[in-house]
Amino acid sequence: MSFADDYRPENINDLILNSEAKDAMLSWIKSWISHTETKKALIIWGQQGIGKTSTAYALARYAGLNVIEMNASESRNRENMKRIALMASEYRDLFDENTKVPDKLILIDEADNIFESRSKSTGGDAGGISELLDIIKNTRNPIVITMNDYYSFKSKNNAKEIISRSLDIEMTPYRRKNEVNYKNFRQAVKQALRKIAGNERISINDMQIDDIIKSNEPDIRAMINDLYLYKVHEADYGDNSRDSSESIYYLTSDTFRSSDYNSILHSLSGMDEETDFYMKWINENIPFEYSDTVDLMNAYDLLSFADIYYGNRFKDFALDNYAKEITAGMSLVVNGKNSHYVKYNFPSYIKKLGLRKKNIEISSKIFFAGRMSSISHTSVSTVSRNMWFYNIIKKKDKKLYSSIAQVLDIK
């Protein structure tokens, strides 16, 4: 079971949703409880990892209902849909006289992956969608249908009638990053990640949590699984592993503001990062730290002098240390030091390289998921949900991952 499954939201209040979607879903499930339902099914759609399946379970828990689930790992053809979902939707427990109606919630997960075909020779889920329509027409229990690609589902036979009989909600935590919902989403996710980190005793700071959110938003499942990688990292390297992002941040501050040159040199000697990385941090933030033109000139002159030594390090590797030690003397060549807080920026040059690397990584993940889904006969979304597992294999067992890559014919 993944980290995300371990921390699946327990109830409606734990869900990270915008208030409009949450209120609409609550009204729908309440209508079933009060026997005033007009829409037999609830369609929840949106990109993977935002909590569609978790929402279905939270609604069932709110109403005190058990969940009967059919997901992408099962064949959703006419026969199986009728055997599982139809029986669950129309009949109650005959051995319990006190059984109420509704007494269960039927979850049809990843409905956009149901392949509607009348021909057995084509394989797939023959007749599954037309059977789903019959189930919705006759159900005595609420049905939740989740999907990633709503418009792909909408184009299938009988899908429009299913939609017309259902409450249709796009599950997105925000639409634009300049709206209130985005701010609320980030705050809620950050609070949830902090709570998980506390429960698991994961050593992580706010800067690292922000990085996890930025690189995965709005995929909450991916964020939680990335948090798990920090736990794996701690198991590998112990509690003495350095927080490089935090250490370079404070080292930059000391370089600009501290008059204790020996203390800065001591910190540099324990720094895991390359000299070039340290110098780029200083270069990026000089204009934010100093405003006097003479101080700016002296600061850049010192950094240029250090860069000459760094550029000749291959002739004599000792020059690398000279470059580091010259840069560390920044506060000794300026007169005006800031007394106010300055938020230092990550080097923009490295950030641009990182974005390029990120795009390459995203393309690689998409290609991996496509190859793995075709070989394992599962949906791409299912493979994508379990990418955290393959990432751990890649990190912990390079030989095994190499074998998997060879089978998938990827690099």
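Taken together, Asn141, Asn148 contain a single residue that is of a type in the set (S, T, N, Q), in contact with a Leu (Cβ under 8 Å, 6 or more places away or on another chain), buried (at least 18 other Cβ atoms within 10 Å of the Cβ) and farther than 16 Å from Met223 by Cβ, which is Asn141. How many of the residues making up segment 320-364 are of a type in the set (A, V, I, L, M), modelled with pLDDT of 85 or more and in a helix (DSSP H, G or I)? Number of matching residues: 4. When segment 277-319 is filtered for residues that are surrounded by 18 or more Cβ atoms within 10 Å (Cβ to Cβ) and in a loop (DSSP other than H, G, I, E, B), only Tyr290 remains. Checking the structure you have, find out if any residue of segment 379-387 is under 24 Å from Asp226 (Cβ atoms), at pLDDT 70 or above and over 17 Å from the mean Cα position of the chain (by Cα). Yes.
Note on segment 249-268: residues that are among the aromatic types (Phe, Trp, Tyr), over 14 Å from Lys324 (Cβ atoms) and modelled with pLDDT of 80 or more amount to 1.
Restricting attention to segment 262-285, which residues are of a type in the set (A, V, I, L, M) and free of Cβ contacts under 8 Å to residues at least 40 places away in the same chain? Step through it out loud before you land on a result.
Step one: filter segment 262-285 for residues of a type in the set (A, V, I, L, M), giving 264-265, 268, 271, 279, 282.
Hit for segment 262-285 is Met271, nothing else.
For segment 379-403, filtering for residues that are in contact (Cβ under 8 Å) with a residue 12 or more places away in the chain and either surrounded by fewer than 17 Cβ atoms within 10 Å (Cβ to Cβ) or of a type outside the set (Val, Ile, Thr) (or both) leaves 13. Among residues of segment 108-133 that are closer than 18 Å to Glu69 by Cα, those with a Cβ under 7 angstrom from a residue that is modelled with pLDDT of 75 or more and of a type in the set (Phe, Trp, Tyr), sequence gap 6+ or separate chain, pair up as Ala111/Phe153; Asp112/Phe153. The single condition among (1) modelled with pLDDT under 90; (2) touching a strand residue (DSSP E or B) at 6+ places or on another chain (Cβ under 6 Å) that Ile145 does not satisfy is (1).
Can you work out which of the residues in segment 169-195 that are of a type in the set (A, V, I, L, M, F, W, C) and surrounded by fewer than 17 Cβ atoms within 10 Å (Cβ to Cβ) is farthest from the chain's Cα centre (by Cα)? It comes out as Val180. Condition first: modelled with pLDDT under 80 and in a loop (DSSP other than H, G, I, E, B). Can you find one or more residues in segment 219-238 that meet it? Yes, segment 219-238 contains at least one residue that is modelled with pLDDT under 80 and in a loop (DSSP other than H, G, I, E, B).
Considering only residues in segment 258-286 that are of a type outside the set (Val, Ile, Thr) and under 13 Å from Tyr344 (Cα atoms), the one that is farthest from the chain's Cα centre (by Cα) turns out to be Asn283.
Within segment 152-176, the set of residues being in a helix (DSSP H, G or I) and not assigned by TED's automatic domain parsing to the domain that holds Met25 is empty.
Can you tell me how many residues in segment 169-223 are of a type in the set (Phe, Trp, Tyr) and touching a strand residue (DSSP E or B) at 6+ places or on another chain (Cβ under 9 Å)?
Residues flagged as of a type in the set (Phe, Trp, Tyr) and touching a strand residue (DSSP E or B) at 6+ places or on another chain (Cβ under 9 Å) within segment 169-223 amount to 0.
When you scan segment 188-202, do you find a residue that is assigned to a loop (DSSP other than H, G, I, E, B), in contact (Cβ under 8 Å) with a residue 24 or more places away in the chain, outside the structural domain of Ala111 (by TED's automatic domain parsing) and touching an Asp or Glu at 6+ places or on another chain (Cβ under 8 Å), even just one? Before you say what the answer is, go through the steps one by one.
If we filter segment 188-202 for residues that are assigned to a loop (DSSP other than H, G, I, E, B), which is where we start, we get 201-202.
From what is left, the residues that are in contact (Cβ under 8 Å) with a residue 24 or more places away in the chain are 202.
Then keep just the ones that are outside the structural domain of Ala111 (by TED's automatic domain parsing); that gives 202.
Right, trim to touching an Asp or Glu at 6+ places or on another chain (Cβ under 8 Å) and you get 202.
Looking through segment 188-202, at least one residue is assigned to a loop (DSSP other than H, G, I, E, B), in contact (Cβ under 8 Å) with a residue 24 or more places away in the chain, outside the structural domain of Ala111 (by TED's automatic domain parsing) and touching an Asp or Glu at 6+ places or on another chain (Cβ under 8 Å).
Mind checking which residues of segment 125-174 are of a type in the set (Asp, Glu) and closer than 22 Å to Ile29 by Cβ?
Step one: of segment 125-174, the residues of a type in the set (Asp, Glu) are 125, 131, 134, 149, 161, 168, 170.
Within segment 125-174, Asp168, Glu170 meet the criteria.
For Met271, the criteria (1) modelled with pLDDT of 80 or more; (2) surrounded by 16 or more Cβ atoms within 10 Å (Cβ to Cβ) hold in every case but one, which is (1).
The values are calculated or read from the model by the stated rules, or taken from the named source; none is laboratory data. Because the structure is predicted, anything quoted here is derived from the model rather than measured. Backbone-built Cβ (ideal geometry, glycine too); neighbour counts: all protein chains shown.
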